[in-house]
Amino acid sequence: MSTRTRIAPSPTGDPHVGTAYQALFNYVFAHQNGGQFIVRIEDTDRNRLVEGALEGILDMLEWLNLPPHESPTVGGPHAPYIQSERAEKHRQYAQQLVDAGKAYLSFETPEELEEMRAAAAARGDEYGGYDRRYRTLDPLEAQKRADAGESYVVRLKVPLEGETVVQDLLRGAVTFKNSELDDKILLKSDGFPTYHLAAMCDDFDMGITHVIRAEEWLVSTPIHIQIYRAFGWPEPQWIHTPWLLGDGGKKLSKRTGDVSVKSYRAKGVLPEALLNYLGMMGWSMPDGRELFSVQDMEEHFSWERVSLGGSIFDFAKLKWLNGKYIREVLSLEELASRLHAYLLENSLLENGETLELNTTFRQVVKMLTPRMDLFSEFMAKTHYFWSEDFEYTEKARGVLESSREVLSDLLERLSTLENFSPEVTHDFFQAYALEKGIKLGKVMSPLRAAVAGTLESPEMGPMLEALGKEKVLARVRRALEF
RNA sequence: GGCCCCAUCGUCUAACGGUUAGGACACUACCCUUUCAAGGUAGACAUACGGGUUCGAAUCCCGUUGGGGUCACCA
């Protein structure tokens, strides 16, 4: 039987890094075993749907280059891959369990449930769930009430005694007492299934062999096992991956960190860097390498190398890793075109006419390569390349004021240079400093201030070349008048 | 609170009974240098605690503590 894994995200907001994390592990494991990676959208909670969220998730996977073998958009032999479209099937499954006496109709209202919980809490009961008041109701009687139009849910009749053991691939056997299990709702009063029913039925129907999901699901796994058993289906392999945590070591959420993949994309994080970073959360390469691709992961992945403690998402390290991709992985040509596309996509171009994907742009990108970790830093660090309308920083101003002599010298002599290639200007500066008996810095900083408006910039040679003689001279002139 | 999971530098991690407990991010110096970076070198920083088992425990067992999760007609 071929290995089949899935992610089952809910379309309830921006695409979540946790979803990307799960997608990565599910994708890698499926590919490593020559199997299939499936995306199924879990939208049975009709109240929490967010417009566009489904597309957002699919877009994210495309951006990350983790294409599913089967999904709502590419389809597949088990379509539909949108859970709400399978609701009729879930209702049939629920009925099947009711008919078999493994589940029952239940008529309590949400308010009554609330009272039950409060009462159980007040008594200090160990079991704080549903009191099972309809579990023993005669099925015929129950059916009669349902037929009469009374609102009901379908609940699983879990065993009251004994234990349910979850065999987790990462943690071994995890034992739960059945007396602590709840008669979980399988079908809600709106006729839609809960996650418990829907996910198990769909996993079974879709032939999922390995359920790889976040640790938060571990404690509801005994219920899932009971559902499988009620149907008489063989269990999949359970794998509960370690937590991705936010600040303070709490579950990663909007409150504890940035969870939106869109937001990382907007910051100019490369998809391969994000994936690489996610890959080193909870897993490591056998040789300790930190820079690795999804392909590398497929080659070397094993559950044995997964560490179980949760990992705190550290943006500083992601940033560093992104910088590594910019500096060491992408070619200049690749970098330039992707950066250009990024700027276009985020409408960050300062001047659409001059900021084309041309030689100057490439020269500037090359200069910035060791100087940026994120694409979003690019414009702020290069604005003076694209416009004459730039300010002098406080420090630059100070230097300009005390260097008029050098600047006018420079203006005069620079204008006689044949060309502004780095070699020519480099020799020129050396000679000038030598002649004047001053340090190179005394020549460079005024010029830097004049040309860039700041004392922090790329090297002078390439910078002057990219700017060109005309602009450089004009800027020195402007600085002298300042 | 009940139940469940987890526990190595601040952070991500290596070590699968024997290492001066290694690497990376961040941090601090220094080197390189026309500034800023990048790069290089160095430094500081960890096995939560207490019992066992063993000739020998970060590693195995138990307990404690700590952290997290979960107890929905949400997934």
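Residue count for region A:267-300 satisfying the condition of being surrounded by 17 or more Cβ atoms within 10 Å (Cβ to Cβ) and among the charged types (D, E, K, R): 2.
What about A:Asp131, is it open to solvent by 70 Å² or more (accessible area, probe 1.4 Å), more than 15 Å from RNA strand B (Cβ to nearest atom) and over 18 Å from A:Lys102 (Cβ atoms)? Break it down stepwise before answering.
Numbers: open to solvent by 70 Å² or more (accessible area, probe 1.4 Å): yes; more than 15 Å from RNA strand B (Cβ to nearest atom): no; over 18 Å from A:Lys102 (Cβ atoms): yes.
Spelling it out, it is not the case that A:Asp131 is open to solvent by 70 Å² or more (accessible area, probe 1.4 Å), more than 15 Å from RNA strand B (Cβ to nearest atom) and over 18 Å from A:Lys102 (Cβ atoms).
Just one of the listed residues (A:Ile223, A:Ile239, A:Ile208) is more than 7 Å from RNA strand B (Cβ to nearest atom), assigned by TED's automatic domain parsing to the domain that holds A:Phe29, surrounded by 15 or more Cβ atoms within 10 Å (Cβ to Cβ) and more than 25 Å from the chain's Cα centre (by Cα), namely A:Ile223. Screening A:Met60 against (1) more than 21 Å from A:Leu245 (Cα to Cα); (2) open to solvent by less than 10 Å² (accessible area, probe 1.4 Å) leaves a single unmet condition, (1). Checking A:Ser84, A:Ser2, A:Ser10 one by one, the residue that is farther than 30 Å from A:Asp138 by Cβ and surrounded by fewer than 16 Cβ atoms within 10 Å (Cβ to Cβ) is A:Ser2 and no other.
Please tell me if A:Ala433 is under 27 Å from A:Val365 (Cβ atoms) and either touching a strand residue (DSSP E or B) at 6+ places or on another chain (Cβ under 6 Å) or within 13 Å of RNA strand B (Cβ to nearest atom) (or both). Considered against the rule, which asks whether it is under 27 Å from A:Val365 (Cβ atoms) and either touching a strand residue (DSSP E or B) at 6+ places or on another chain (Cβ under 6 Å) or within 13 Å of RNA strand B (Cβ to nearest atom) (or both), A:Ala433 comes out as no. Criterion first (within 12 Å of RNA strand B (Cβ to nearest atom), assigned to a loop (DSSP other than H, G, I, E, B), of a type in the set (A, V, I, L, M, F, W, C) and in the same structural domain as A:Glu114 (by TED's automatic domain parsing)) does A:Leu170 satisfy it? Judged against the criteria, A:Leu170 is a match.
Residues that are near RNA strand B (Cβ under 9 Å from one of its atoms): list the helices (runs of 4 or more DSSP H) wholly contained in region A:292-356 that include at least 3 such residues.
Result: A:315-324.
Residue by residue, here is whether (1) touching a helix residue (DSSP H, G or I) at 6+ places or on another chain (Cβ under 6 Å); (2) in contact (Cβ under 8 Å) with a residue 60 or more places away in the chain; (3) under 30 Å from A:Thr241 (Cβ atoms) holds:
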| position | (1), (2), (3) |
| --- | --- |
| A:Ala122 | no, no, no |
| A:Asp125 | no, no, no |
| A:Tyr134 | no, no, no |
| A:Ser151 | no, no, no |
| A:Lys184 | yes, no, yes |
| A:Tyr195 | no, yes, yes |
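The set of residues in region A:281-316 being within 25 Å of A:Ser260 (Cβ to Cβ) and free of Cβ contacts under 8 Å to residues at least 12 places away in the same chain consists of A:Asp314, A:Ala316.
Restricting attention to region A:458-478, the residues being crowded, with 20+ Cβ neighbours inside 10 Å, closer than 17 Å to A:Val365 by Cβ and of a type outside the set (A, V, I, L, M) number 2.
Within region A:40-55, identify whether any single residue is among the aliphatic types (A, V, I, L, M) and in contact with a Lys or Arg (Cβ under 8 Å, 6 or more places away or on another chain), and answer yes or no. No.
Residue-by-condition table, conditions (1) in contact with a Lys or Arg (Cβ under 8 Å, 6 or more places away or on another chain); (2) on the phi < 0 side of the Ramachandran plot:
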position: A:Met206; (1), (2): yes, yes
position: A:Ile223; (1), (2): yes, yes
position: A:Ala230; (1), (2): yes, yes
position: A:Trp238; (1), (2): no, yes
position: A:Lys262; (1), (2): no, yes
position: A:Gly288; (1), (2): no, no
position: A:Leu291; (1), (2): yes, yes
position: A:Val306; (1), (2): no, yes
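For A:Trp243, are the conditions met, namely being more than 20 Å from A:Arg48 (Cβ to Cβ) and in contact with a Gly (Cβ under 7 Å, 6 or more places away or on another chain)?
Values: more than 20 Å from A:Arg48 (Cβ to Cβ): yes; in contact with a Gly (Cβ under 7 Å, 6 or more places away or on another chain): yes.
When the stated conditions are applied, A:Trp243 passes them.
Conditions (1) outside the structural domain of A:Lys177 (by TED's automatic domain parsing); (2) modelled with pLDDT under 95; (3) over 24 Å from A:Glu42 (Cα atoms); (4) not aromatic (Phe, Trp, Tyr), marked per residue:
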| residue | (1), (2), (3), (4) |
| --- | --- |
| A:His78 | yes, no, no, yes |
| A:Gln95 | no, no, no, yes |
| A:Glu126 | no, yes, yes, yes |
| A:Asp131 | no, yes, yes, yes |
| A:Asp138 | no, no, yes, yes |
| A:Gln143 | no, no, yes, yes |
| A:Glu150 | no, no, yes, yes |
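Annotation: A:Glu401 fulfils all but one of (1) modelled with pLDDT of 95 or more; (2) within 49 Å of the chain's Cα centre (by Cα); the unmet one is (1).
Exactly one residue among A:Gly257, A:Gly191 is part of a loop (DSSP other than H, G, I, E, B) and under 15 Å from the mean Cα position of the chain (by Cα), and that residue is A:Gly257. Exactly one residue out of A:Lys262, A:Lys251 is open to solvent by 30 Å² or more (accessible area, probe 1.4 Å), more than 8 Å from RNA strand B (Cβ to nearest atom) and either in contact (Cβ under 8 Å) with a residue 12 or more places away in the chain or β-branched (Val, Ile, Thr) (or both), and it is A:Lys262.
The values are calculated or read from the model by the stated rules, or taken from the named source; none is laboratory data. Nothing here was measured: the structure is a model prediction, and the numbers come from that model. Don't worry about glycine lacking a Cβ; one is built from the backbone with ideal geometry, like all the others, and counts go over all protein chains shown. SASA here: full protein model, heavy atoms, side chains in, ligands and nucleic acids out. Shrake-Rupley method; radii C 1.70, N 1.55, O 1.52, S 1.80 Å.
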